Amino acid sequence: MGRYVIRRLLQMIPVFFGATLLIFLMVNVMGDPIAGLCGDRKCDPAVAAQLKADFGLDKPVWQQYLTYLGNVFTGDFGRAFNGQKVTELMSTAFPVTARLTLVAIVFEVVIGISLGVLTGLRRGRPVDTGVLLLTLIVISIPTFVTGLLLQLLFGVKWGWVKPAVSPSATFDELLLPGLVLASVSLAYVTRLTRTSVAENARADYVRTAVAKGLPRRRVISRHLLRNSLIPVVTFIGTDVGALMGGAIVTERIFNIHGVGYQLYQGILRQSSQTVVGFVTILVLVYLVANLIVDLLYAVLDPRIRYA
Amino acid sequence: MRGARHAKWAAAAAAVALAATACGGGGSSGSSGEGVLSAWWGDPQNPLEPANTTEVQGGKVLDMVTRGLKRYNPRTGAAEDMVAEKIETTDAQNFTVKLKDWKFSNGEKVTAESFVNAWNYAAHLKNKQKGAYFFGYIEGYDKVHPEQGNATAETLSGLKVVDEKTFTVKLKQKFSTWPETLGYAAFAPLPKAFFDDRDAWLSKPVGNGPYTVDNYAKGSVMNLKKWEEYPGADKAKNNGVDLKVYTENGVAYNDLVAGNLDLLDDVPAAQLQNVKNDVNGRYASPPAGIIQTLAFPFYKPEWKTEGAVKVRKGLSMAINRKQITETIFHNTRTPATDWTSPVLKTEGGYKAGLCGASCDYNAAEAKKLITEGGGIPGGQLKITYNADSSHKEWVDAVCNSINNALGNNTACVGNPVGTFADYRNKVSKQEMDGPFRAGWQMDYPLIQNFLEPLYYTDASSNDGKWSNKDFDKLMNQANGEVDTAKAVETYQKAEQVVADEMAAIPLWYQNGSVAYSERVSDVALNPFSIPVYSEIKVN
């Protein structure tokens, strides 16, 4: 197990370098960012030259990349164009998005798995068809439609919640955005669980458990669910990274100043320091989430062992 | 037993996750106190130094926390003395400035040095101030801010401190209306505290305006408090303003309608139809000092020819401004008939109809002129714009209008560029093949500001590189005119040259837009379309 973890950790290194280099090049291709800083007028050439030198933009790309990496290893992610340190932006943005992701994951796990078990055990019944239809609708509607609609209904028309989340973004404010963010994944979790549960419900070990006279609850939770959850856990694990990076739409709709918002601003202003810094962290989150998923397999199914 | 162990693991993991995510929460939610209003704010792009702030959002804050020698009257736009007791000149080139007794909110006195030091700081190349060019008229600017190489002087030779409350300014050339440019925020004084610890000042700006910064969480909220000892006549009529940054103004709009926000001065385009109903008429859209034009790349020979003048006039005639401003902008734009703005008023140089027949929609005449001029250079008109802002709709409408007039569906197409930065980059590198969108927001309400930076040979914002000797001569003449009325008249003569040559096609004047809640009253926008925060009353 230990050797496996180390091997996985070592694999992260090339992924990390590759991802940052790619992002660096992509942001660079977009052209000179200084031109956008002076509004609808030409930047004073002397000032523009000074700023370029300041941000290291006057050097060749490979040199910029090396300098950047060198700084990253000392914990210096550079500065955004408004003079703020990128680490400062991160320390405000990541906790907010982490909270949002946590809310979304909880929704996925609680609602998604419950509905999945419910429908998986009642295959072909009206409940099953109803939920399947519902998930189909949720999957087919884009997040920004769901988000704007719920915001309009709950926030503006009925006044149950505030349409905009405040800068502190507490858990209770994040319930609605979290649900919106989770909606599509939630539908997938339901469907995955349903299929998996339905399949395993006819397995020999479940029949044995029932025949032993175990209570129904125990059969479902200890025997059926545990084996059915492997594909679901894989999905949820990879979803952690996807949710964090993909929250741009939801964050914009609900005024959440998280990672998505900072990334959006960074791309708009072509602030390579911001974009590369945030993406670097997201890549790490993604890699770690995947590692944890793989390790969880062994916990769920002791037959799976790593050399 | 196994089950219990797992449960413990899960509980521990959840606890760690909660602890990790909870920090940062629980801070002040920025809720409005008694007599404090909350207002929409856009995240300023640059650090909040006076001369480094060239856009509206940072300008809002500076208008609240600083006061310069002059200030533009929020209603009339006239430059009125604030810290200045008087500014005198006899030759339109040498000025003597005398100050009133003012102080900064940290107790420091506002002295001649507060101004001279701030201006020297702003002009010096090493401080990288984006508004440094405002000081370009002062003698010695080329030494502290050369176009290439390093500065050869530390301070502007044109600035001299006479005593604590007097200083003199010598300009490079005659510029009679120069004192009237001093209401711009870039000319604000800076206290010693700024020079002692710039970073601390930037995280909490200290000035001499009617408000003080109470708390500033960059990127999300700024809480401003009324400064009780403010020495000016325009004291704040509310207890403070909470400026809130929104991720999108659509959310801010929803927040306003739901009653959580008091003031929104950028109503999203999609809501312009509904806004009056949604806020019960608490909406206004007064004109602002902003004009939108189509500029041409005069660095391309095909746009420089004799015939091209006719083509440009023809194109201008082929644009149905009235229809576009009504259907696309819901009357938040007004068709332009000159190259300035109505906020200047007639005595300030605005002249309705100066463009003449060239700005009236006339499809038949448009077609005739364009054919006479040799047709559209290159056969197709590509209007370049940046796609990250809402320009596509009107560019398509303009093209439609031109295509209809010419009876050719492919005569004009839009040419989007991804981001604003990329767009500005292409513009300043002179990579435009055809017309491109240009907008001008005035720095100060003077006709000079609508002409010189845009059309003078090699001027800072003359992106199309248009050049005309007659125009330059008239501008120089007007700048040297001590009598204001005569100066304005000469500026208008110069503007006539722009019209005759159709150096840029004027499209429309932009209006500001503001919607507000029941809690506040006396809401007005100044000529720069910034809300006059100090006059807003909280009920």
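The values are calculated or read from the model by the stated rules, or taken from the named source; none is laboratory data. Just so you know, these numbers come straight off a predicted model, no measurement behind them. For neighbour counting, all protein chains shown are included, and Cβ atoms are generated from backbone atoms with ideal geometry for every residue, glycine included. All accessible areas refer to the heavy atoms of the entire protein, side chains included, with ligands and DNA or RNA removed. Shrake-Rupley method; radii C 1.70, N 1.55, O 1.52, S 1.80 Å.
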**Request:** With the checklist (1) open to solvent by 50 Å² or more (accessible area, probe 1.4 Å); (2) within 14 Å of chain B (Cβ to nearest Cβ); (3) under 18 Å from residue A:281 (Cβ atoms) in hand, flag the one item residue A:90 doesn't pass.
**Result:** (1)
**Prompt:** Which of the following residues is surrounded by fewer than 20 Cβ atoms within 10 Å (Cβ to Cβ), modelled with pLDDT of 85 or more and farther than 30 Å from residue A:24 by Cβ: A:203, A:307, A:298?
**Reply:** A:203
**Complete:** When the range A:10-42 is checked residue by residue, the ones that are open to solvent by less than 60 Å² (accessible area, probe 1.4 Å) and more than 7 Å from chain B (Cβ to nearest Cβ) are A:12, A:16, A:18, A:19, A:20, A:23, A:24, A:27, A:28, A:34
**Tally of residues being buried (at least 24 other Cβ atoms within 10 Å of the Cβ), of a type outside the set (D, E, K, R) and assigned to a loop (DSSP other than H, G, I, E, B) across the range B:45-55** = 3
**Prompt:** residue A:168 passes all but one of (1) open to solvent by less than 60 Å² (accessible area, probe 1.4 Å); (2) at pLDDT 85 or above; (3) not acidic (Asp, Glu); which number fails?
**Reply:** (2)
**Request:** Residue by residue through the range B:36-64, note down the ones that are polar (S, T, N, Q) and under 26 Å from residue B:537 (Cβ atoms).
**Result:** B:38, B:57
**Prompt:** Looking at the range B:169-192, is at least one residue within 23 Å of residue B:231 (Cβ to Cβ) and open to solvent by 70 Å² or more (accessible area, probe 1.4 Å)?
**Reply:** yes
**Prompt:** Under 6 Å by Cβ, and 6 or more places apart or on different chains, what pairs join a residue from the range A:247-274 that is under 24 Å from residue A:171 (Cα atoms) and more than 10 Å from chain B (Cβ to nearest Cβ) with one that is surrounded by fewer than 24 Cβ atoms within 10 Å (Cβ to Cβ) and among the hydroxyl-bearing types (Ser, Thr, Tyr)?
**Reply:** A:249/A:143
**Message:** Would you confirm, using the coordinates I've provided, whether residue B:188 is within 22 Å of residue B:48 (Cα to Cα) and within 14 Å of chain A (Cβ to nearest Cβ)?
**Reply:** no
**Request:** With the condition kept exactly as written, say whether any residue in the range A:91-100 is among the basic types (Lys, Arg), over 26 Å from residue A:17 (Cβ atoms), in contact (Cβ under 8 Å) with a residue 60 or more places away in the chain and not in a loop (DSSP other than H, G, I, E, B).
**Result:** yes
**Request:** Hey, can you tell me all the residues within the range A:1-60 that are touching a Ser or Thr at 6+ places or on another chain (Cβ under 8 Å) and free of Cβ contacts under 8 Å to residues at least 24 places away in the same chain?
**Result:** A:35, A:38, A:39, A:40, A:41, A:42, A:43, A:44, A:56, A:59
**Asked** Is it the case that some residue within the range B:232-255 is away from every other protein chain (no Cβ under 14 Å), acidic (Asp, Glu) and in a loop (DSSP other than H, G, I, E, B)?
**Response** yes
**Prompt:** Just checking, how many residues over the range B:472-505 are within 23 Å of the chain's Cα centre (by Cα) and under 26 Å from residue B:395 (Cβ atoms)?
**Reply:** 5
**Asked** Do we find that residue B:221 is among the hydrophobic types (A, V, I, L, M, F, W, C), open to solvent by 10 Å² or more (accessible area, probe 1.4 Å) and either away from every other protein chain (no Cβ under 14 Å) or more than 21 Å from residue B:524 (Cβ to Cβ) (or both) in this structure?
**Response** yes
**Asked** Mind checking whether some residue in the range A:243-256 is touching a Pro at 6+ places or on another chain (Cβ under 6 Å) and of a type outside the set (Val, Ile, Thr)?
**Response** yes
**Prompt:** Could we say that residue A:177 is in contact (Cβ under 8 Å) with a residue 40 or more places away in the chain, within 12 Å of chain B (Cβ to nearest Cβ) and in a loop (DSSP other than H, G, I, E, B) here?
**Reply:** no
**Message:** Among the residues in the range B:405-414, are any closer than 27 Å to residue B:375 by Cα and within 14 Å of chain A (Cβ to nearest Cβ)?
**Reply:** no
**Request:** Can you tell me which residue within the range B:274-287, out of those that are surrounded by 18 or more Cβ atoms within 10 Å (Cβ to Cβ) and among the aliphatic types (A, V, I, L, M), is nearest to residue B:398 (Cα to Cα)?
**Result:** B:275
**Asked** Residues in the range B:56-76: is at least one in a loop (DSSP other than H, G, I, E, B), out of contact with any Ser or Thr (no Cβ under 7 Å at 6 or more places or on another chain), open to solvent by less than 40 Å² (accessible area, probe 1.4 Å) and modelled with pLDDT under 85?
**Response** no
**Item:** Residue among B:130, B:126, B:160, B:109 that is of a type in the set (Lys, Arg) and within 20 Å of residue B:461 (Cα to Cα)
**Value:** B:130
**Message:** One residue is enough: does the range B:463-473 have a residue meeting the conditions at pLDDT below 95, open to solvent by less than 10 Å² (accessible area, probe 1.4 Å) and in contact with a Pro (Cβ under 7 Å, 6 or more places away or on another chain)?
**Reply:** yes
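Each row is one residue, and each column tells you yes or no for (1) open to solvent by 70 Å² or more (accessible area, probe 1.4 Å); (2) more than 20 Å from residue B:389 (Cβ to Cβ); (3) in a helix (DSSP H, G or I).
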| site | (1), (2), (3) |
| --- | --- |
| B:289 | no, no, no |
| B:292 | no, no, no |
| B:299 | no, yes, no |
| B:302 | yes, yes, yes |
| B:308 | no, yes, yes |
| B:312 | no, yes, yes |
| B:316 | no, yes, yes |
| B:322 | yes, yes, yes |
| B:325 | no, no, yes |
**Fill in**
Only one of (1) assigned to a helix (DSSP H, G or I); (2) within 14 Å of chain B (Cβ to nearest Cβ) does not apply to residue A:183, and that is (2)
**Request:** For residues that are open to solvent by 40 Å² or more (accessible area, probe 1.4 Å) and modelled with pLDDT under 90, scanning just the range B:260-273, find the one that is nearest to residue B:450 (Cα to Cα).
**Result:** B:266
**Request:** Report whether or not residue A:168 is facing chain B (nearest Cβ under 10 Å) and either of a type in the set (Ser, Thr, Tyr) or on the phi > 0 side of the Ramachandran plot (or both).
**Result:** yes
**Message:** I'd like to check something: does the range B:250-257 contain any residue that is closer than 14 Å to residue B:42 by Cα, aromatic (Phe, Trp, Tyr) and open to solvent by less than 50 Å² (accessible area, probe 1.4 Å)?
**Reply:** yes
**Request:** Select from the range B:126-161 the residues that are part of a loop (DSSP other than H, G, I, E, B) and open to solvent by 50 Å² or more (accessible area, probe 1.4 Å) and list them in ascending order.
**Result:** B:139, B:147, B:148, B:149, B:150, B:152, B:154, B:155, B:157
**Message:** Go through the range A:143-165 and report how many residues are in contact (Cβ under 8 Å) with a residue 24 or more places away in the chain, facing chain B (nearest Cβ under 10 Å) and open to solvent by 40 Å² or more (accessible area, probe 1.4 Å).
**Reply:** 1
